[in-house]
Amino acid sequence: MKVLLIPLLAAMFLIAGCEQGPAEKAGETLDNMGDKMSDSMNDVADDVGDSMDEMGAYTEDAADDATAGAEGMANDAMDGAEDMLDDAKSGAKDMLDDAKSGAKDMLDDAKSGADATADAVVDACDDVTGDNC
């Protein structure tokens, strides 16, 4: 009889264990709520992480664009400076050529004036002396 009593008691405990009391139901509800909150928090954390990754990519793109723009502006400034230097060199060369030409013209005029003065002196000498000076 003892042999039959042990399985019968075990069966009764198993059947009694399947029924949930109010505390067990409340505990299970709290466990479910905790799981749902944990899942929600993980989802929010994942969304925040994804947003941060996107912001990082946008920031990196903006930095690349700014760098490219600055490099372009620097290149444009260098090109402009080189053009201005070329223009200044060309202008200085033109001014030097003009100065040389002006100086040559003045020298030619001075020579012509000196020749005319010399001729006038010789003519005056000839007139005064009556000889060929």
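Below are the figures for this structure:
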| item | result |
| --- | --- |
| Which listed residue, of 41, 95, 73, 78, is over 38 Å from the mean Cα position of the chain (by Cα), at pLDDT 95 or above and part of a helix (DSSP H, G or I) | 95 |
| Test: residue in segment 88-105 that is surrounded by 10 or more Cβ atoms within 10 Å (Cβ to Cβ) and closer than 30 Å to residue 133 by Cβ | no |
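The values are calculated or read from the model by the stated rules, or taken from the named source; none is laboratory data. Keep in mind that this is a model prediction, so the values were computed, not measured. Cβ sites come from the backbone with ideal geometry, for glycine too, and all protein chains shown count toward neighbours.
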